[in-house]
Amino acid sequence: MKPQLLERLLELAVAIQQIPAPSFAEGRRAAFVYELFQSEALYDVTQDALGNVYGRLPGSGSAQPLVITAHLDTVFPQGTDLSLRREEDKIIGPGIGDNALGVAGLFGLLWALREKALEKNLGEGALTSPFSRDVWFVANVGEEGLGNLRGMQAVVQRFGAGVKAYIVLEGMALGHVYHRGLGVKRYRIAVHTPGGHSWVDFGRPSAIHELAKFVYRLCQLPIPTQPRTSLNVGLIGGGTSNNSIASDAYLLLDLRSEDVQALEELATQVERLVQGANRPEVRFTQAVIGERPAGQIPADHPLVRLALASLEALGIPPRANIGSTDANLPLSLGLPAICLGLTLGGGAHTLNEFIYTQPLAKGLTHVLTVVESLLSQAAP
């Protein structure tokens with residue numbers, strides 16, 4: 001992979017990272033990508049009602065297209081300091097790996113494919129590829145948090161089963177091939193009491209106290225290690241003032257499991273705890289605020305084998321894995337899909353998130369090898 005292309009890719013990742021893009025507010029970043037798609041002379045550049053941005057690199061045949069996606073949104077709210085610092089072997093800053101580099105990777109792949117096309121004597125500036133199928137590049141919204149994969153859902157609704165494969169790009173996790181989608185269920189659990197004055201009405205139930213006791217009971221639930229399953233209270237809120245007995249409080253709960261049945265069993269236990277916490281003057285309610293469907297293709301699926309073999313050929317220890325990514329959506333429908341990482345990094349979802357720059361050459365080569373192989377295969 002040419003150093004100039006890699007540096008150009010990193011510069012684009014930095015430019016994308018500097019544009020705030022919380023879930024449900026990806027508009028500025030989407031507009032930036034839309035203009036870049038147009039400047040790259042992709043065909044059929046459009047934006048759907050949700051904000052997903054599409055562009056097509058036409059192939060020379062009529063085989064099923066390949067769809068390559070990367071999510072635009074980040075976990076960081078508006079107003080987050082997006083300052084970056086660059087060290088000798090890394091770039092550090094919120095969202096640089098998840099997923100500014102992933103979005104930039106769409107363009108890195110496009111540039112690499114065009115270089116390959118030129119090598120095949122298609123002519124300077126050629127817009128078509130020497131392969132048998134179109135490539136759709138998609139920058140989608142709503143992957144993080146309560147975005148609930150809404151962007152990817154629209155992508156899959158648009159293309160359905162009529163594609164060769166869905167390839168999802170993430171900035172980090174090089175070496176992993178995510179071919180299994182981790183099931184996720186999220187709740188907002190709230191409690192309401194009459195409340196009152198901290199001194200005058202002492203003895204009345206406090207919504208915050210009741211919620212704290214509820215969290216303790218959640219932590220006593222047996223969580224299986226096989227299949228791996230998790231429970232996390234990620235956010236708590238409520239109350240009026242320091243000297244008020246809280247009348248309202250809430251928490252956000254995240255449940256995950258490798259196994260659909262284990263996830264549902266844990267969810268049932270949580271819902272029973274909610275029902276059992278109700279008593280006079282204490283009312284608990286629950287609402288499902290997010291679900292990510294589980295699904296998978298087998299480890300011996302040709303798409304998975306291709307991705308693993310490509311990693312091994314590059315000297316990268318390959319690992320077939322499970323994760324919660326945009327690939328969950330097509331995988332839940334039994335469609336061929338994998339999620340691939342472009343480099344190594346750490347600190348995801350923190351202000352000190354970082355990516356290593358040196359492994360990017362192998363990461364982009366890996367994705368390019370997988371894509372080239374899929375593009376050269378005969379129909380469908």
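The values are calculated or read from the model by the stated rules, or taken from the named source; none is laboratory data. Keep in mind the model is a prediction, meaning the values are calculated, not measured. With ideal geometry, Cβ positions are generated from the backbone for all residues, glycine too; neighbour counts draw on all protein chains shown. For accessibility, only protein heavy atoms count, side chains too; no ligands or nucleic acids. Shrake-Rupley method; radii C 1.70, N 1.55, O 1.52, S 1.80 Å.
In terms of solvent-accessible area of protein heavy atoms at a 1.4 angstrom probe, what is the ranking of ILE289, ILE91, ILE208, highest value first? Numbers along the way, then the final one.
Numbers: ILE289 55, ILE91 5, ILE208 75 Å².
Putting ILE289, ILE91, ILE208 in descending order of accessible area: ILE208, ILE289, ILE91.
Would you calculate the separation in nanometres between label points at GLN220 and GLN275, each defined as 7 Å from the Cα along the Cα-to-beta-carbon direction?
Rounded to a tenth, the inter-label distance reads 1.9 nm.
Which of the listed residues, ALA13, LEU311, ILE223, is farthest toward the dipole's positive end in the chain, when Lys, Arg count +1 and Asp, Glu count -1 at the beta-carbon?
Going by the charge dipole, the pick is ILE223.
Peptides 80-87, 256-263, 92-99: what's the order by average Cβ count within 10 Å, highest mean first? Intermediate results must be reported in sequence, preceding the final value.
Numbers: 80-87: 12.4, 256-263: 18.1, 92-99: 26.8.
Descending mean neighbour count gives 92-99, 256-263, 80-87.
Explain nothing, just the number: relative contact order of region 118-227, from Cα pairs under 8 Å at least 6 residues apart, as a whole percent.
Relative contact order here is 10 percent.
Jot down the per residue volume, in cubic angstrom and as a whole number, of the convex hull over the alpha-carbon atoms of the chain. If you can, show how the numbers build up before the last one.
Values: hull volume 55.7 nm³, N = 380.
Enclosed volume per residue, from the Cα hull, is 146 Å³.
Starting from the Cα of THR268, step 7 Å along the direction of its Cβ; do the same at ALA25; then give the gap between the two resulting points in nm.
Each label point lies 7 Å from its Cα, and together they span 4.1 nm.
Cβ under 13 Å from SER373's Cβ, SER373 left aside: what net charge do those residues give with Lys, Arg +1 and Asp, Glu -1?
On the way: positive: LYS116, ARG133, LYS164, ARG305; negative: GLU372.
Charge balance in the 13 Å sphere: +3.
Stretched out fully, how many nm does the piece from SER198 to ALA49 gain, at 0.36 nm a residue minus the Cα gap?
Values: separation 149, 0.36 × 149 = 53.64 nm, distance 4.91 nm.
Length gained between SER198 and ALA49: 48.7 nm.
Rounded to the nearest 0.05, what FRET efficiency do LYS213 and GLN38 give with R0 = 56 Å and r taken as the Cβ-Cβ distance? Could you check?
Numbers: r = 56 Å, r/R0 = 1.00.
Calculated value: 0.50.
Dipole magnitude of region 293-380 about its Cα centre, charges +1 at Lys/Arg Cβ and -1 at Asp/Glu Cβ only, in debye to the nearest 20?
Numbers: 3 positive and 5 negative charges, 18 e Å.
Magnitude of the dipole: close to 80 debye.
Pairs LYS185/LYS213; LYS90/LYS164; LYS185/LYS362: which are spaced more than 28 Å apart, C-alpha to C-alpha?
Working: LYS185/LYS213 22 Å; LYS90/LYS164 35 Å; LYS185/LYS362 35 Å.
Table pairs above 28 Å Cα-Cα are LYS90/LYS164; LYS185/LYS362.
Please report the net charge: other residues with Cβ closer than 9 Å to the Cβ of GLY55, K and R +1, D and E -1. Could you put the intermediate results ahead of the total?
Numbers: positive: ARG56; negative: GLU40, ASP44.
Neighbour charge sum, excluding GLY55 itself: -1.
Please list the equivalent ellipsoid semi-axes of region 58-106, computed as the square roots of five times the alpha-carbon gyration tensor eigenvalues, in descending order and whole angstrom.
Details: eigenvalues 203, 44, 8 Å².
That gives 32, 15, 6 Å for the three semi-axes.
With every protein chain kept in place and ligands, DNA and RNA left out, what is the accessible area per residue of the chain? Probe 1.4 Å, answer in Å². Spell out each step's value before the answer.
Numbers: 16530 Å² over 380 residues.
Value returned for the chain: 44 Å² of accessible area per residue.
Can you tell me the order of 341-351, 54-64 when each peptide is scored by its average per-residue count of other Cβ atoms within 10 angstrom, highest first? All intermediate terms of the calculation are to be shown ahead of the outcome.
Values: 341-351: 20.0, 54-64: 18.1.
Per-residue Cβ counts within 10 Å, averaged per peptide and sorted highest first, yield 341-351, 54-64.
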